[in-house]
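> I have a structure here, written as structure tokens, and I will follow up with some questions on it.
Every number in this text was worked out from the coordinates using simple rules, so none of it is lab data. Everything numeric in this text was worked out from a predicted model, so none of it was measured. Cβ: placed from backbone, ideal geometry, glycine included. Neighbour counts: every protein chain shown.
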Amino acid sequence: MKLLCHLEDIPDRDARGFEFHGETLVVVRQGDEVFVYRNQCPHLGIELNFQPDVFLDSDGEFIQCANHGALFRIEDGYCLAGPCSGQSLETIAHELRGNEIHVQA
Ligand code: FES
């Protein structure tokens with residue numbers, strides 16, 4: 001596991017993208033819980049976002065792909081609607097150690 005960032009780097013109920021060993025990871029924060037995914041939509045295998053750090057829908061309820069609007073559950077990355085419905089984002093193993101977010105290198 002390697003240090004990726006700190007909890008306070010991510011506003012609560014929002015998401016941030018981080019470059020990590022040549023790829024982009026998406027970290028979504030809900031209070032003291034975080035969810036980490038590879039920034040790659042299962043539909044076309046491209047990045048989810050157009051704008052930096054914009055990964056959630058307007059209500060902050062789902063991760064939304066900016067390309068064709070696929071919606072993913074924040075909790076497990078499962079796609080509920082869109083062209084890759086039934087598929088999932090790739091989860092990145094992580095640990096919260098105090099306020100440090102460590103991910104599998
Ligand atoms: S690339 Fe994500 S919905 Fe098409």
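> Between Lys2 and His68, what is the label-point separation in nm under the 7 Å Cα-to-beta-carbon projection?
3.3
> Once the mean 1/r over all distinct Cα pairs of the chain is inverted, what Kirkwood radius in angstroms do you read off?
Values: mean 1/r = 0.0740 Å⁻¹.
Evaluated on the chain, it is 13.5 Å.
> If contacts are Cα pairs under 8 angstrom and at least 6 residues apart, what is the relative contact order of the chain in percent?
The value is 27 percent.
> At a 10 angstrom cut-off on C-beta neighbours, averaged per residue, how do the peptides 55-61, 71-77 rank from highest to lowest? Working shown, then result.
Values: 55-61: 14.4, 71-77: 17.7.
The packing order, highest mean first, is 71-77, 55-61.
> May I ask you to compute the full-extension gain from Asp59 to Glu23, defined as 0.36 nm times their residue separation minus their alpha-carbon distance, rounded to one decimal in nm? Can you show the working numbers first?
Working: separation 36, 0.36 × 36 = 12.96 nm, distance 2.69 nm.
In short, 10.3 nm is gained.
> Under a 10 Å cutoff between Cα atoms, tell me which one of Phe50, Phe62, Phe35 has the largest fluctuation in the Gaussian network model of the chain.
It is Phe50.
> Ile46 versus His102, label points 7 Å from Cα toward the beta carbon: distance in nm?
3.7
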